[in-house]
1. Here is a list: ASP199, ASP193. Which entry is without any contact (Cβ under 8 Å) to a residue 40 or more places away in the chain and in contact with a Lys or Arg (Cβ under 8 Å, 6 or more places away or on another chain)?
2. Can you tell me which residue in the range 158-212 is modelled with the lowest pLDDT, limited to those that are surrounded by fewer than 17 Cβ atoms within 10 Å (Cβ to Cβ) and hydrophobic (A, V, I, L, M, F, W, C)?
3. Residues of the range 64-93 being touching an Asp or Glu at 6+ places or on another chain (Cβ under 9 Å), of a type outside the set (Gly, Ala, Ser) and either assigned to a helix (DSSP H, G or I) or at pLDDT below 95 (or both), which ones?
4. Confirm whether GLU143 is free of Cβ contacts under 8 Å to residues at least 24 places away in the same chain and under 15 Å from the mean Cα position of the chain (by Cα).
5. Checking the condition under 27 Å from MET44 (Cβ atoms), within 14 Å of the chain's Cα centre (by Cα) and in contact (Cβ under 8 Å) with a residue 40 or more places away in the chain, which residue from GLY174, GLY150, GLY155 passes?
6. Could you list, in sequence order, all residues of the range 94-128 that are part of a helix (DSSP H, G or I) and among the aliphatic types (A, V, I, L, M)?
Amino acid sequence: MLSVVLFGGLFVLIGTSRGSHSFTHLMNPRLYPRLYHGCYGDMMTMETSGAACDITTLIACGIRGSEMFAEMDLKALKSYQILIKDVGLRYCVDPTLIAAIISRESHGGTVLQDGWDHKGLKFGLMQLDKEIHRPVGNWDSKEHLLQAVGILTDGIKAIQKKFPTWSVAQHFKGGLSAFKSATEAIATLADIDNVFVDDIIARAKFHKKHSF
């Protein structure tokens, strides 16, 4: 019994002492979907205000608004669930984060025209801006998701290197913002696009609760 207790205590210490690279990144998200959070921080512990509120979105804003949109996209996202988990595991990224970005950016692909947004500027499930990146693969392919999630993780790592004194959550939010606007756009914490980031985190928490 004592050995079990000691092992349990060691597990907790390992998990908390490594910061963003906690012990849970070793878990398979298919087996432990609610515990796995990858290598870049636990979104379930991060504060968020959800979707931005203005005079035109008072009904569908805040955390409830984000959850409402995430729920609307859930059926479309389910068809990509295996693919999302494969890519998430490859990059040590929580699959619910990928699902949340797809939900916000393309509503699970349901609003795209041959993979492009209505302006023809952004491509794929995760909507890569053609003026910043050169998209590869079909819009809903594994090749596209691998490229997009690779860009996301590169952004987080770049923010970690650029701002070593920032917290795990700040690195995560800065990297997520850099995914949308490029790392060069982030010079201070004030440059983080909280409208985008807060909505993504709120949607990801919804997907986590639904074992995505």
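1. Values: ASP199 fails: without any contact (Cβ under 8 Å) to a residue 40 or more places away in the chain.
Just one listed residue meets the conditions, ASP193.
2. Filtering the range 158-212 for residues that are surrounded by fewer than 17 Cβ atoms within 10 Å (Cβ to Cβ) and hydrophobic (A, V, I, L, M, F, W, C), the one modelled with the lowest pLDDT comes out as ALA182.
3. If the condition is that a residue be touching an Asp or Glu at 6+ places or on another chain (Cβ under 9 Å), of a type outside the set (Gly, Ala, Ser) and either assigned to a helix (DSSP H, G or I) or at pLDDT below 95 (or both), then PHE69, LEU83 are the ones that fit.
4. On the way: free of Cβ contacts under 8 Å to residues at least 24 places away in the same chain: yes; under 15 Å from the mean Cα position of the chain (by Cα): no.
Answer is no for this residue.
5. On the way: GLY174 fails: in contact (Cβ under 8 Å) with a residue 40 or more places away in the chain; GLY155 fails: in contact (Cβ under 8 Å) with a residue 40 or more places away in the chain.
Within the list GLY174, GLY150, GLY155, the selection yields GLY150.
6. Within the range 94-128, LEU97, ILE98, ALA99, ALA100, ILE101, ILE102 meet the criteria.
The values are calculated or read from the model by the stated rules, or taken from the named source; none is laboratory data. Because the structure is a prediction, the values reported are computed rather than measured. In this analysis, Cβ positions are derived from the backbone assuming ideal geometry, glycine residues included, and neighbour counts consider all displayed protein chains.
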